[in-house]
Amino acid sequence: MSGDLLNLTLRIWRQAGPDDKGAFRNYQLNGVSTHMSFLEMLDVLNEQLIESGEEPVEFDHDCREGICGMCSLMINGQAHGPDKATTTCQLHMRRFNNGDTITIEPWRASAFPVIRDLVVDRSAFDRIISTGGYVSVSTGNAPDGNAIPVPGNRQEVAMDAAACIGCGACVAACKNASAMLFVSAKVSQLAILPQGVPERNQRVLGMVAKMDDEGFGHCTNTNECEAACPAEISVSNIARLNREYLRASIVAGT
Ligand code: SF4
Ligand code: FES
């Protein structure tokens, strides 16, 4: 066997639908190029399954460039696999060894129900965003960069928070299936900038209430979310979310 090719055992979660119990199934896949991405490797497996008359494995993907947040796989117990700041679509097969067994599961969180195989329903995130994760006035064309002065350090913090791609790895990595890192990134991105300030209070109160309503757990500061996040969103945003929430609660009570 060439050093560029791997023989692998894939232990993959198969679930025919939301009400199916689901189970792991083993597949042997030989001759996997180390130059492939993880999703290309699954494409090759699916071609093999289709040729043998078996249903292909359903998995989410879109951009395959680390931008859209669609690819959501638990690989050997780690959200998006072993590499730091890397989505599943950016993960390469050179990260694995010949003869490896790779366990591939969907995100596990009751707020993200499995639709089929490795695909989960992440529309709970959309519903949280729709309770306030936006600026509701029409902003028109992009204004000149200096029309509203923003201190450089604040702009940097807002842009870092805006890097969240909504993938859900933070929820999958958290033992409480908490969505605090995701919500804190969305709240921070707008709370820091002047355009987001008028709706600051209703935004944080609405998004946190919706997060709880959707069944996400609470944050107990284990920081697994930050470790799993492909966009390197900092847990300092969770501290900001808590401050924003406290502030808005006091204002709402006066
Ligand atoms: S905070 Fe990170 S892990 Fe969570 S949804 Fe955003 S990009 Fe994904
Ligand atoms: S497919 Fe878009 S981030 Fe992976």
- Considering only the stretch 21-42, state which residues are closer than 25 Å to residue 165 by Cβ and either open to solvent by less than 50 Å² (accessible area, probe 1.4 Å) or touching a Ser or Thr at 6+ places or on another chain (Cβ under 8 Å) (or both). 36, 37, 38, 39, 41, 42
- Item | Tally, over the stretch 56-78, of residues that are open to solvent by 50 Å² or more (accessible area, probe 1.4 Å) and in contact (Cβ under 8 Å) with a residue 40 or more places away in the chain | 4
- Note on the structure: For the stretch 84-116, the count of residues that are open to solvent by less than 10 Å² (accessible area, probe 1.4 Å), assigned to a loop (DSSP other than H, G, I, E, B) and either in contact with a His (Cβ under 6 Å, 6 or more places away or on another chain) or of a type in the set (Asp, Glu) (or both) equals 1
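Condition check ((1) without any contact (Cβ under 8 Å) to a residue 12 or more places away in the chain; (2) away from ligand 1 (no atom under 16 Å from the Cβ)) across all residues:
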site	(1), (2)
91	no, no
111	no, no
114	no, yes
126	yes, no
140	yes, yes
155	no, yes
168	no, no
183	no, no
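Kindly establish whether residue 81 is open to solvent by less than 80 Å² (accessible area, probe 1.4 Å) and either part of a loop (DSSP other than H, G, I, E, B) or closer than 23 Å to residue 174 by Cβ (or both). Walk me through how you get there before you give the answer.
Details: open to solvent by less than 80 Å² (accessible area, probe 1.4 Å): yes; either part of a loop (DSSP other than H, G, I, E, B) or closer than 23 Å to residue 174 by Cβ (or both): yes.
Spelling it out, residue 81 is indeed open to solvent by less than 80 Å² (accessible area, probe 1.4 Å) and either part of a loop (DSSP other than H, G, I, E, B) or closer than 23 Å to residue 174 by Cβ (or both).
Do you know which of the residues in the stretch 19-54 that are part of a loop (DSSP other than H, G, I, E, B) and free of Cβ contacts under 8 Å to residues at least 40 places away in the same chain is farthest from ligand 1 (Cβ to nearest atom)?
Narrowing the stretch 19-54 to residues part of a loop (DSSP other than H, G, I, E, B): 19-22, 34-36, 52-54.
This time we only want the ones that are free of Cβ contacts under 8 Å to residues at least 40 places away in the same chain, so: 19-21, 52-54.
On the way: 19: 27, 20: 27, 21: 28, 52: 35, 53: 36, 54: 32 Å.
In this case the residue turns out to be 53.
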- Note on the structure: Note on residue 76: of the conditions (1) away from ligand 2 (no atom under 16 Å from the Cβ); (2) polar (S, T, N, Q); (3) touching a helix residue (DSSP H, G or I) at 6+ places or on another chain (Cβ under 6 Å), unmet is (3)
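The values are calculated or read from the model by the stated rules, or taken from the named source; none is laboratory data. Being a predicted model, the structure only gives us computed values, none of them experimental. Counting neighbours? That spans all protein chains shown, and the Cβs are built from the backbone with ideal geometry, glycine included. With ligands, DNA and RNA removed, areas are computed over all heavy atoms of the protein, side chains included. Shrake-Rupley method; radii C 1.70, N 1.55, O 1.52, S 1.80 Å.
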